[in-house]
Amino acid sequence: MADVKEPIRAFILEYAAGRGVTEVKDDDSLLKSNVIDSLGVFRLIAFLEETFPLTVEESDMVPENFQSLNDIESFVAGKLGKADGGAEHCTNAVTPS
């Protein structure tokens with residue numbers, strides 16, 4: 001899902017450039033390594049809502065959804081309804097009857 005991950009990576013690198021961050025691996029812990037801080041998470045959420053056809057609900061705002069690029073990708077995939085292992089993050093999934 002590079003079409004999801006790469007714009008997110010570019011946003012994170014741009015946000016963290018002031019901290020000297022020049023590279024972010026897919027499984028790097030963005031929060032623990034302070035690549036993004038609490039303000040960065042809110043800016044990331046705004047970026048996701050502007051870039052992808054999704055809405056981040058209050059219940060989605062948990063660290064597990066934003067720990068790494070892989071986690072963010074899974075979260076976005078789940079919100080977009082793509083079968084990529086991220087469906088568990090989707091809060092409004094419809095179960096077929």
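Rule-based calculations on the coordinates, nothing more; no lab input. What you are looking at is a predicted structure, and each value in this text was computed from that prediction instead of being measured. Glycine also receives a Cβ, built like all others from the backbone with ideal geometry; neighbour counts cover every protein chain displayed.
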Practice task
May I ask you to derive the relative contact order of region 2-83, considering only C-alpha pairs under 8 Å and at least 6 residues apart, and to give it as an integer percent?
Solution key: 35 percent
Fill in the blank from the handout: Other residues with Cβ under 11 Å from the Cβ of Gly40 give, with Lys and Arg +1 and Asp and Glu -1, a net charge of 0
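Near Thr55, within a Cβ-to-Cβ distance under 10 Å, what is the net charge of the other residues, with Lys and Arg +1 and Asp and Glu -1?
Details: positive: Lys79; negative: Glu49, Glu57, Asp60.
Taking every other residue near Thr55 into account, the sum is -2.
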Handout entry: Virtual spin-label span in nm between Glu23 and Asp37, 7 Å along Cα→Cβ
Key = 2.5 nm
Problem - Globularity index of region 2-83, i.e. its alpha-carbon radius of gyration over 2.2 N^0.38 Å - result: 1.00
Problem - Loop GluC sites (Glu not before Pro), region 36-70 (other Cβ atoms within 10 Å of the site Cβ: 11 or fewer; DSSP) - result: Glu57
Problem - Positive-end residue, region 2-83 charge dipole about Cα centroid, Cβ charges, pick of Thr22, Ala10, Phe47 - result: Thr22
